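**Student:** One structure coming up, written as structure tokens, with questions to follow.
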Amino acid sequence: MERREILRGTGTLVAAVTGVGGASTAAGRHTRPTVQIIRTNEPVQGGQWLNVTARITNHGRLRLQGYARCIVGHDPTEVDNQYVSLASGRSTTVTLGYRTYPVQTTDVFPVRIECENGFDSRTVTVDPAP
């Protein structure tokens with residue numbers, strides 16, 4: 001998914017294209033990593049493991065080194081992380097997750113995967129156990 005923005009400068013208009021979770025230049029080249037959630041195993045029942053798989057792509061010129069973090073909830077809490085090291089122009093997938101809490105009614109909340117200035121988020125559902 002792409003988002004177009006018009007940036008007002010000193011008397012000129014510059015169009016910038018940004019993908020989900022990444023920054024770009026006026027030419028459309030990303031300078032920061034992009035993160036794209038490509039799948040989850042939701043809906044899950046409370047007490048089951050929630051998996052979130054994301055593709056991380058390094059669009060910068062330098063090696064990307066740091067942690068991909070899984071952050072969940074309306075009161076954001078980091079529940080998992082994984083170290084990532086990517087050369088320029090390379091991609092990898094990570095699967096992060098956690099054991100959900102038992103719920104009495106269906107719960108819907110955001111889950112976010114972050115990696116050095118890039119992120120993607122999605123709303124997930126946890127159902128009560130039968």
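The values are calculated or read from the model by the stated rules, or taken from the named source; none is laboratory data. Since we're looking at a predicted model, the values are computed, not measured. Cβ placement follows ideal geometry from the backbone for every residue including glycine, while neighbour counts extend to all protein chains displayed.
**Student:** Scan the range 105-121 and report the pairs whose first residue is over 20 Å from Trp49 (Cα atoms) and whose second residue is crowded, with 16+ Cβ neighbours inside 10 Å and among the charged types (D, E, K, R), with Cβ atoms within less than 7 Å and a gap of 6+ or a chain change.
**Tutor:** Asn117/Arg32; Gly118/Arg32; Phe119/Arg112
**Student:** Within the range 18-32, is even one residue modelled with pLDDT of 95 or more and β-branched (Val, Ile, Thr)?
**Tutor:** No, the range 18-32 contains no residue that is modelled with pLDDT of 95 or more and β-branched (Val, Ile, Thr).
**Student:** Next question. Given the condition buried (at least 19 other Cβ atoms within 10 Å of the Cβ), more than 21 Å from Pro33 (Cα to Cα), among the hydrophobic types (A, V, I, L, M, F, W, C) and at pLDDT 95 or above, answer yes or no: does some residue in the range 50-57 qualify?
**Tutor:** yes
**Student:** Specify the residue that is surrounded by the fewest Cβ atoms within 10 Å (Cβ to Cβ); the eligible residues are those in the range 70-116 that are under 20 Å from Gly47 (Cβ atoms) and among the aromatic types (Phe, Trp, Tyr).
**Tutor:** Out of the qualifying residues, it is Tyr101.
**Student:** To continue, here is another question. As an exercise: evaluate Tyr101 against (1) modelled with pLDDT of 95 or more; (2) closer than 16 Å to Thr125 by Cβ and give the number of the one condition it does not meet.
**Tutor:** (1)
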